[in-house]
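Visitor: Have a look at this one before I ask anything.
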Protein chains: 2
Amino acid sequence: MVTSSFGAHYREVEIGEIVILARDEPLVLECGESISQFPLAYQTYGTLNAKRNNAILICHALSGDQYLCGTHPVTGKGGWWERMVGPGKPIDTGKYFVICSNVIGSCMGSFGPKEINPKTGKPYGLSFPFITIGDMVRAQALLVEYLGIEKLFAVIGGSMGGMQALEWAARFPEKVFAVVPIATSTRQSAQNIAFHEIGRQAIMADPDWCEGDYLAQRKYPAKGLSVARMAAHVTYVSQTMLQEKFGRNLQDREAYTFGFDADFKIESYLRHQGVSFVERFDANSYLYLTRAASYFDLTEGGTRKLTDIFAGTHIRFCVVSFSSDWLYSSVESRNLVRALNAVAANVSFTEIQCDQGHDSFLLDVPEFDALLAGFIQGSATLYGVGA
Amino acid sequence: MVTSSFGAHYREVEIGEIVILARDEPLVLECGESISQFPLAYQTYGTLNAKRNNAILICHALSGDQYLCGTHPVTGKGGWWERMVGPGKPIDTGKYFVICSNVIGSCMGSFGPKEINPKTGKPYGLSFPFITIGDMVRAQALLVEYLGIEKLFAVIGGSMGGMQALEWAARFPEKVFAVVPIATSTRQSAQNIAFHEIGRQAIMADPDWCEGDYLAQRKYPAKGLSVARMAAHVTYVSQTMLQEKFGRNLQDREAYTFGFDADFKIESYLRHQGVSFVERFDANSYLYLTRAASYFDLTEGGTRKLTDIFAGTHIRFCVVSFSSDWLYSSVESRNLVRALNAVAANVSFTEIQCDQGHDSFLLDVPEFDALLAGFIQGSATLYGVGA
C-alpha cells in the first residue's frame, strides 16, 4: 500500500496495489523520452484460473481510475463500473479475473505528473513526459506480463478507454481474444480536440496553476479545473437528458434572484460536478490526458489505413455506440466497423437507442448490460474459458 | 459622438449615435429597479420615408452590437451583418430605414455595467441592475418612439436577437407588422443555460475579474473572458463544419510537438476567437447578457401558454432555423410555429439545410439571403411600404 495526496486539500489517501514496471529495460515513449522503474497502480477482481485464460482488462476513461467496484479510497463512493463488474454482473468476477490499472499520466498512483521526480525530489509537474494512448497501453501490457498472463481473454473500454482497447487490437493482436470499444473513435474529432483545448485553457488561466508547479508551491488551480470539468461534463450528457432531468427548474427557490447565484438546478448541478472533481483529480493529469486523447489517431494523420492496421486480425470485436452520444457519435463507430468488415474481421456493431448521451456506458442502460453479458458469455464459450 | 473604453488595453473608441432615454419617467426593470436618463447607442442605415412605415429594427445577438455594416469602430472590420444589410442587399437600405441599437447590459455605448455610475463616479460593475430580454426590448421601444416611428415594418433578429424579436411580438403586437425570429427559441434550454453558466464561471474564476470591479482597479479578466468565448464559440458551429474546416490538421507544423502549444489548427483558431473577443467585449456585460438569455422564457415558467400570448396576433411571422444548429435546434422553432399555427397566425417556417451550425445566420448561406429578401419584399408590398 502506498499513500498519495489528492485534490485541493491534499488529503493523503491509501492507494491499492502498485507495481514497479520497466525494471530491466526502459519503456521508450512516443514522445522520445524513456521511462524506467515507473509505478503502475491497479486493482484486480476475481481469480485467475489455472489456464490463465479468463483475464479481462478494463480500460478506464479520462477521469476514471482502477476502482471499478468497492469503496473508492478518495470519494468514499462506489467504483465507476460497479453496475457492470462484480459477482453475477455482466462482467462476472465469479468467472473472470478482471484487471483495471490507472493509466500513466493519471493521478491514482500510477506514473503521473503529481508523482515525485526522483531527480528533483519534487512533483514532476510540467517536467512529466508527454504520454500517448499507445504508451498507456504498452504500460498495461507490461502489467499483464507481470501478472503472468500471456493472452487476455478480453479488453473492454469506453471513451478514452475505448481508444486503449483499439490500441490493444492494433498493437497486440496476438495478445487478446476479444475487444470491446465502446462510445469511442479511431481518432479524436476536431470538436473533441476543441473541447479539450477549452478545458486546458481554463486550467492554465488559473494563476494557482503556477505554470504547472502548484504542488511544489502548495497551491491548487481549483477554479480552473472546476471550469474545465463543467465544460467537459456538458458534453457527456445529451440535450434531451438535460432538458428532461433539469429543464428550467429552479434550485431551491420560487423565482429568479436576479443575481449570479445558481438559480437553475442545472447550474447548481454543474457547479457540483466541478467542485467534486477538484477533490479527486489532479489538474496537470487533466492536461496530459486530454493531450493524449487529442493526439489519438490510429491512422497516424492518414498515413495508415484502418484496413491495413486490422488486416488479418483474429480478434472478435464488439463495437458499441449510443444513439444520443454527440461526443463520440455512432458515425465514428460505423467508420471503424466499415474498416473491420472490409478486412472480413469478426465484428458485431450495436447502436443502443437511449437518451443519456456519451455517459450512457456508465449509466443504467439495461440493453447495454445484456449486450455486453451476451458477448462475453458467447466469446468465453468459443475461447474455452473455464472449460 | 461619445467615447468609451474597450477591452484589455482600455482603448478609447468613438461610439456613434447615442440618445438619452427615459427622461420623463423611469423605465421599471423586471428585476424591480428603475432606470432613468440612460444612454442607448444605435446606428441607422437608409432613410425614413414620409409615411414613416419603412423602418426595420434589427436586434443583435449576445456578442453583437449596433454596427450592422460599415467600419466597426473597435475592430476596424466590417459590421456583423454586412452581408445582409446595405444598398441592394436582402435588407435593402435603399428602400428601408434600418435601426440597430446596442442592447442595454451590453458594452458599445448603451447603458451597461462598464458605464459610469453617476452616484459613485465609478463604473457600475456588479452594482449594475439585472436586465432581461424584455427590458432590452422596452428600451428599444423608447428609441423607436424617440425616432418618431409609431409602427415598425419589421423586427428581425437571430439567436438572442431572435428572443428580442419574439418579445416585440409578444409585448407590442400593435407596433410591428412583421417579425423574423431566426435560430432562436421561446425559452432558453437547459443545455444553453449550462453553457452560459460555464462561461460565467470562467470569467468569475479569473482573479483579475476582482468581483466585477476590474475597471475601477485597472485590471481585466482577459483569460477568463477568453475561455468563456472559446467555450461559447464551439457551440456556434457544427461538428461537421469543424471536421471539414479543421479536422486534425496541424498548425504550421509537421508533427506533434508533445507540448501544450496549439498543435492543431482548431486549437489555434479557438484561441484566436478568445483573444480577439477580449479586445472588443466587456466581461461584466458578458455576465449580464448571458444571465438575461438564461432567464428568457416567454411562458414565464410555464404559467403562460404560447397560444395565449399570440392569440389574435396580426403579425406576419417568418420563422427560420438551420438544420445543423444544435444550440437552437429546429425543434425549438417548430414548437413556436406549432403554437402560432394553433392560433391561426400568419406564419411561414423554413428549416434551411446547411452545415455551418448556429452561426449560419451570420455566414454565407445564399438560401437564407433569398428567403429573407423574399419575405421582406412580399411583406413590404402587403404593408404598402414605399407606395
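Taken together, the values in this text are just the output of simple stated rules run on the coordinates, not laboratory data. This one's a predicted model, so the numbers in the text were calculated from it and none came from an experiment. Every residue, glycine among them, receives a Cβ derived from its backbone with ideal geometry; neighbour counts consider all protein chains shown.
Visitor: What lysines could a cross-link reach from B:Lys265, if we take a straight Cα to Cα line under 19 Å and drop same-chain neighbours fewer than 8 places away?
Guide: Excluding near neighbours in sequence, the set is B:Lys245.
Visitor: Stretch A:Ser276-A:Asp308 to full length: gain in nm at 0.36 nm per residue minus the Cα-Cα span? Write down the numbers at each step before the final one.
Guide: Details: separation 32, 0.36 × 32 = 11.52 nm, distance 4.32 nm.
Roughly 7.2 nm would be gained on extension.
Visitor: Summarise the long-distance tail of P(r) for segment B:232-288 by giving the % of C-alpha pairs beyond 20 Å. Before the final figure, lay out each step's value.
Guide: Details: 592 of 1596 pairs.
That tail contains 37 percent of the Cα-Cα pairs.
Visitor: Can you list the distances in nanometres, one decimal and ascending, from the B:Thr71 label point to the identical position in each other copy, with the point 7 Å along Cα to Cβ?
Guide: Those label-point separations list as 7.0 nm.
Visitor: Over 32 Å between Cα atoms, which of B:Lys51/B:Lys89; B:Lys119/B:Lys175; A:Lys223/B:Lys122 qualify? Write down the numbers at each step before the final one.
Guide: Working: B:Lys51/B:Lys89 22 Å; B:Lys119/B:Lys175 35 Å; A:Lys223/B:Lys122 28 Å.
Cα-Cα > 32 Å for B:Lys119/B:Lys175; rest within.
Visitor: On to the next question. Residues of A:202-208, mean number of Cβ from any other protein chain within 10 Å of their own Cβ, rounded to a whole number?
Guide: The mean count of partner-chain Cβ atoms within 10 Å per residue comes to 6.
Visitor: Could you pull the Rg and Dmax for the protein assembly as shown, using just the Cα atoms, both in Å?
Guide: Calculated on Cα positions, Rg and Dmax stand at 28.4, 96 Å.
Visitor: Another question, if that's okay. Can you put A:Val343, B:Val74 in order of Cβ neighbours within 10 angstrom, beginning with the fewest?
Guide: Details: A:Val343 16, B:Val74 20.
With the fewest neighbours first, A:Val343, B:Val74 line up as A:Val343, B:Val74.
Visitor: What list do you get for B:Arg218, A:Arg334, B:Arg138 if you sort them by fewest beta carbons within 10 Å?
Guide: Working: B:Arg218 8, A:Arg334 14, B:Arg138 22.
In order of increasing Cβ crowding within 10 Å: B:Arg218, A:Arg334, B:Arg138.
Visitor: Let me ask something else about it. Taking 8 Å as the Cα distance limit and 6 or more residues as the minimum spacing, I'd like the relative contact order of segment B:192-292 as a percentage. The partial results should precede the final answer.
Guide: On the way: 97 pairs, mean separation 30.8, N = 101.
Relative CO of segment B:192-292 lands at 31 percent.
Visitor: How large is the Rg to Rh ratio of segment B:192-292 when both quantities use alpha carbon positions and Rh follows Kirkwood?
Guide: Details: Rg = 15.2 Å, Rh = 14.7 Å.
So for segment B:192-292, dividing Rg by the Kirkwood Rh gives 1.04.
Visitor: In peptide B:127-135, what is the residue-averaged number of other protein chain Cβ atoms found within 10 Å of each Cβ? Write down the numbers at each step before the final one.
Guide: Working: counts 0, 0, 1, 5, 1, 2, 0, 0, 0.
Across B:127-135, the average partner-chain Cβ count within 10 Å equals 1.
Visitor: Still on this structure: Could you give the length gained on full extension between B:Gln251 and B:Val28, defined as 0.36 nm per residue of separation minus the Cα-Cα distance, in nm?
Guide: Values: separation 223, 0.36 × 223 = 80.28 nm, distance 5.12 nm.
So the chain would gain 75.2 nm between B:Gln251 and B:Val28.
Visitor: Using alpha carbons only, what's the Rg to Rh ratio of segment B:230-387 with Rh from Kirkwood? Mind showing how you got there, number by number?
Guide: Values: Rg = 20.4 Å, Rh = 19.0 Å.
Using Cα coordinates only, the ratio equals 1.07.
Visitor: Quick one: Debye curve from the C-alpha atoms of segment A:331-387, no solvent, what's log10 I(q)/I(0) at q = 0.12, 0.13, 0.23, 0.31 Å⁻¹?
Guide: Log10 I(q)/I(0), no solvent term: -0.40, -0.46, -1.03, -1.14.
Visitor: At B:Glu82 and B:Val331, where each label point lies 7 Å from the Cα along Cα→Cβ, what is the point-to-point distance in nanometres?
Guide: Calculated label separation equals 3.7 nm.
Visitor: How large is log10 I(q)/I(0) at q = 0.14 Å⁻¹ when the Debye formula is applied to the Cα atoms of chain B, each weighted equally and without solvent?
Guide: -1.28
Visitor: Kindly give the semi-axes, whole Å and largest first, of the ellipsoid equivalent to segment B:124-269, taking each as the square root of 5 times a Cα gyration tensor eigenvalue. Walk me through the numbers on the way to the answer.
Guide: On the way: eigenvalues 277, 110, 32 Å².
After scaling each eigenvalue by five and taking roots: 37, 23, 13 Å.
Visitor: Here is a further query. Report Rg (one decimal) and Dmax (nearest whole number) for segment B:153-220, counting Cα atoms only, units Å.
Guide: 17.3, 48
Visitor: OK, next. For segment A:93-157, I need the span (max minus min coordinate) of the C-alpha atoms along each principal axis, in Å, sorted largest to smallest.
Guide: The Cα atoms of segment A:93-157 stretch 44, 22, 20 Å along the principal axes, largest first.
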